[in-house]
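Notes to accompany the following structure.
The values are calculated or read from the model by the stated rules, or taken from the named source; none is laboratory data. Bear in mind the structure is a predicted one, so any value in this text is a computation, not a measurement. Here the Cβ is made from the backbone with ideal geometry for all residues, glycine too, and neighbour counts use every protein chain on show. Note: accessible area is taken over every heavy atom of the protein model, side chains too, but ligands, DNA and RNA are not part of it. Shrake-Rupley method; radii C 1.70, N 1.55, O 1.52, S 1.80 Å.
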Amino acid sequence: ILFFPPSLFFSSDAICNFVICNDSSLRSQPIIFNPDFFVEKLRHEKPEVFTELVVSNITRLIDLPGTELAQLMGEEDPKLPGGNGIASGFLRSLMSLKRKEKGVVFGSPLTEEGIAQVSQLIEYLHKHLRAEGLFRVPGNSIRQQILKDALNSGTDIDLDSGEFHSNDVATLLKMFLGELPEPLLTHKHFHAHLKIADLTLFDEKGNKTSTPDKERQIEALQLLFLILPAPNRSLLKLLLDLLYQTAKKQDKNKMSAHNLALMFAPHILWPRNVTANDLQENITKLNNGVTFMIKHSQKLFKAPAYIRECARLHYLGSRAHASKDDLDLLTSPSSKELQPLKSQKRSRLDSCHQEETQQRTEEALKELFRHVHNMPDSAKKKKLIRQFNKHPTALTPGSDVRTPPVQRRTRSRSFSGLIKRKVLGTPLIMETKTRDVTPERASKENIHLLQKCGSPAHASPAKTKFLEGRKEDSCRRVRARLLSKESASL
């Protein structure tokens, strides 16, 4: 049984986080299969192929000029907005000075170790979502510094001891995001987020309206999040889920999705070392974009169906639905065994398809034969039955429908032939048939006829007497018929 731990859906190495479960206490648990397994596998093993696949679909949804596309692909340094005024330059310098003091967690590039430390803050805040003004009301600066030093040193922290307040933890989480060298959504993606915010619906005449196109925005964000660095994507998922749950309790904490977006947009989306004056009219777009992410966070970390299918076909090369065979394939020791497994699976599918086709054909033939059998007696019915008799294998052995017996009469081609048959009798006919028919050419009907009539040499005395009587009657009938014809001609 394959058991996938809960961390599978949050870890950047999701494709490697499955183990063989030998614990009998866990065998009764339902098997969890990650629908994005092949997506994660393709991103991990072939990042260039994966990025090209995702970016080609992003450009289908939003218009990215050559420069912005090159920035998204990482081929050029991102060109970000920035002011030239003295005030804005002073603020940028001040913010950069704050980030020079780097610690193990705060101020350092995002790592899995840093995420593990910060996840303690997120887990604690999930238990205190009802605190009014959460993320807006600042905490105590002294307690925050103590907590910050503890996180940087990597020591264990008991947040449930009551030493720290929820506002202390919430403010420290924002501080951590604000001191990252670049925003959580990265500088490369900045222009793409502005374009996603401009996606609106079209009217019947094809003109753009002011109504946001939510479906296309969700699809574009799903694709954009797929090409985020793995640590950024993991932390973003944890953060947006926390903000989503916080907004659901806005009747208690007074923090709606829009209020939360105002608190976090400068930390996760705004470029570093910029001010509100640098962004000017884009501030509203950015804030609305973060609001949209919070409201739809439960849909944004699922790969679109066509990306899943492309990734699955890249490895399986088949359009069959994912099944236990796919799970067995994933646990194969090496990629050399992939081809035999694929051929075996394809042969099984072909054989099943052939059996189903043959079964449907036999059922159709049975139904056709029943229809012919129920037809009123006519020459057409007899003709159809003879055609069925020529192909006895058309019906299955277990068919309940039986072919009605068809009486076959020997038809003479001349009147003299009829006289010979009547005068000479059946034995001559039987001898002729027996001499001409070989075992290979003998049909079932001829064999049945021979068995029924038998040979005159082995006939019993009673049967011989009966045959002689039939000969005399035949001769009398022939004479009478000849005389009647002669009289008619006269």
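Quick notes on this one:
- Hey, Lys205 of a type in the set (Lys, Arg), at pLDDT below 95 and part of a loop (DSSP other than H, G, I, E, B) or not: yes
- Lone qualifier among Leu147, Leu129 - being modelled with pLDDT of 90 or more and open to solvent by less than 10 Å² (accessible area, probe 1.4 Å): Leu147
- Residue check, Glu182 open to solvent by 70 Å² or more (accessible area, probe 1.4 Å), within 27 Å of Leu279 (Cα to Cα), assigned to a loop (DSSP other than H, G, I, E, B) and touching a residue at least 12 places away in the same chain (Cβ under 8 Å): yes
- With respect to the stated conditions, Gly162 is more than 44 Å from the chain's Cα centre (by Cα) and surrounded by fewer than 21 Cβ atoms within 10 Å (Cβ to Cβ).
- Just so you know, in segment 112-165 the residues that are in a helix (DSSP H, G or I) and basic (Lys, Arg) include one that is farthest from Tyr244 (Cα to Cα), and it is Arg143.
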